[in-house]
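The values are calculated or read from the model by the stated rules, or taken from the named source; none is laboratory data. Keep in mind the model is a prediction, meaning the values are calculated, not measured. Note that each Cβ is placed from the backbone with ideal geometry, even for glycine, and that neighbours are counted across all protein chains shown.
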Amino acid sequence: MLNQGHSPRRSMVGALLLTAFLAVAVGCGSDDVAPNPPTPVPEVGSLGGGTSSVTLPTGVDDSSELSVRPGEVGSVAQEIQGISGWINSDPFTMESLRGKVVLVDFWTYTCVNCIRTMPFLREWQEKYADEGLVIVGVHSPEFQFEEVRENVEAAVEQFQITWPVLQDNEMQTWRAFNNRFWPAKYLIDKDGVIQYTHFGEGAYDETELEIRKLLQEAGATIDGIVANPDSGPTFNEKASSGGIETGQTRELYAGLERNAGSQVPYIIQAEFYALPSGGPILLEDPGNHQNHFLYLHGMWLNGLDGAQHARVTEDLEDYVALKYFGTSVNVVLGSEGEPYRVYLSVDDGPIPLEDRGTDIEESDEGRTFIFVDRERMYRLIESPEYGGHEMKLTSNSDEFAVFAFTFGSYNTGP
């Protein structure tokens, strides 16, 4: 479920979904629905490829007459607000960090774009923490289960995060910075002024040089520390050069709220929207799958933030299907009860060994599956080659809950 501070009003979900569905029903078969050009931070609902970060409305008044708005370069960094939990640290204030160089990193633990930045954050922490750099991870959740402290703590351990992580469950610090993206980085000098920002992935070499510049201005001696010239992995040109049909698949959401807020919904089976949230709906896969959409088959619950399998089955007859383009595929799944298996096929067979993500296992019968034991992102495909394929995910468990799919077009990683 999206945080109420930045989600659509639920009373409007039905009307918005009907409007969006009618638009895509007319537009999917024509040339009138075109993707936005690739951008590091495309808006939710765009069909563009590229290194994407999620954009959300925050309720910030864009008509402000201030010459420098909060969160912009040149403004004094806003104070930390509304934190519900502190991990790796006792509570502190931004004011208490004066004299230090501070890197505020807005993230959420199922965001693949955030996950891709972690190796660089860990490197900066190791190289510069003793020289006066303080990384502050502001964890602003996308889904309701990301508000749970135990889940965030598990992610902090998984990603080997040693810097402070602040649970911004009410999005108050997010809004104080006028932030709109995951991930987002705000680099603050010794006087508490924002001197540099970066939204999305990439530009790691540039960001490190800015860190070094502010550390030197603060009096640190870093001549013996070598800057990393790596700007980030190379994006496969096929992901953005093939047009809407073969370009990298956009991020796909299974919940009603996200479908309501998208210019083009992610699920275009009209029956999915026939009942209010939480209703069991029998759906039939129409076949003839198109890139950029999800297709549900069987009995499903249409939740606000995801779709959940609505019955226990015996023969894996219910499933989620999609046609994707990219080099990597990830899925955010939920597990509130007993752990369960989700079986996966690509082009009607097991995932080829060379294309398997780090969470893929193989059964004695040769079927590829993942074991879902907590609410997190699971890495399904990590292929050396860019291409398009049909994928199915199926489980007999009624715990099977699907929130989002993400895709990549790098030569390595999720």
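Restricting the stretch 333-346 to residues that are among the hydroxyl-bearing types (Ser, Thr, Tyr) and assigned to a strand (DSSP E or B), the residue that is surrounded by the fewest Cβ atoms within 10 Å (Cβ to Cβ) is TYR343.
The rows are residues; the columns are (1) closer than 22 Å to GLU390 by Cβ; (2) within 23 Å of the chain's Cα centre (by Cα).
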| position | (1), (2) |
| --- | --- |
| ASN236 | yes, yes |
| ARG250 | yes, yes |
| GLU257 | no, yes |
| SER262 | no, yes |
| ILE267 | yes, yes |
| LEU283 | yes, no |
| HIS289 | yes, no |
| HIS292 | yes, yes |
| TYR295 | yes, yes |
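When GLY387 is tested against (1) small (Gly, Ala, Ser); (2) within 21 Å of GLU201 (Cα to Cα); (3) in the same structural domain as HIS297 (by TED's automatic domain parsing), only condition (2) is not met. Would it be correct to say that ASN259 is at pLDDT below 95 and touching a strand residue (DSSP E or B) at 6+ places or on another chain (Cβ under 9 Å)? In short, yes. Among all residues of the stretch 118-133, there is at least one that is over 21 Å from GLY413 (Cβ atoms), surrounded by fewer than 24 Cβ atoms within 10 Å (Cβ to Cβ) and free of Cβ contacts under 8 Å to residues at least 60 places away in the same chain.
When the stretch 396-414 is filtered for residues that are surrounded by fewer than 19 Cβ atoms within 10 Å (Cβ to Cβ) and either in a strand (DSSP E or B) or modelled with pLDDT under 95 (or both), the ones remaining, listed by number, are ASN411, THR412, GLY413. Within the stretch 227-247, the residues that satisfy the criterion of being part of a loop (DSSP other than H, G, I, E, B) and of a type in the set (A, V, I, L, M, F, W, C) are ALA227, PHE235, ILE244. Here PHE143, PHE106 are screened, and the one residue that is among the aromatic types (Phe, Trp, Tyr) and in contact with a helix residue (DSSP H, G or I) (Cβ under 9 Å, 6 or more places away or on another chain) is PHE106. Just one of the listed residues (GLU153, GLU142) is within 24 Å of GLY408 (Cα to Cα) and either outside any strand (DSSP E or B) or of a type in the set (Val, Ile, Thr) (or both), namely GLU142. Starting from the stretch 79-94, keep only residues that are assigned by TED's automatic domain parsing to the domain that holds ALA176 and closer than 13 Å to SER140 by Cα, then list their pairs with residues that are exposed (fewer than 13 other Cβ atoms within 10 Å of the Cβ) and of a type in the set (Ser, Thr, Tyr) whose Cβ atoms are within a distance under 9 Å, requiring at least 6 positions of separation or different chains. Listed pairs, sorted by first residue: ILE80/THR93. Within the stretch 209-223, residues that are over 10 Å from LEU133 (Cα atoms) reach partners that are among the hydrophobic types (A, V, I, L, M, F, W, C) and part of a helix (DSSP H, G or I) with beta carbons closer than 7 Å, at six or more positions or on different chains, in the pairs ILE222/LEU215. For the stretch 378-395, indicate whether the set of residues that are surrounded by fewer than 21 Cβ atoms within 10 Å (Cβ to Cβ) and assigned to a loop (DSSP other than H, G, I, E, B) is non-empty. No, the conditions are met nowhere in the stretch 378-395. A single member of ALA129, ALA220 is touching a Phe, Trp or Tyr at 6+ places or on another chain (Cβ under 9 Å) and part of a loop (DSSP other than H, G, I, E, B), and it is ALA220. Considering the stretch 302-320, and only residues there that are of a type in the set (A, V, I, L, M, F, W, C) and over 20 Å from the mean Cα position of the chain (by Cα), the residue that is nearest to LEU282 (Cα to Cα) turns out to be ALA310.
Strands (runs of 3 or more DSSP E) fully within the stretch 261-332 that include at least 3 residues being in contact with an Asp or Glu (Cβ under 8 Å, 6 or more places away or on another chain): 280-283, 294-302.
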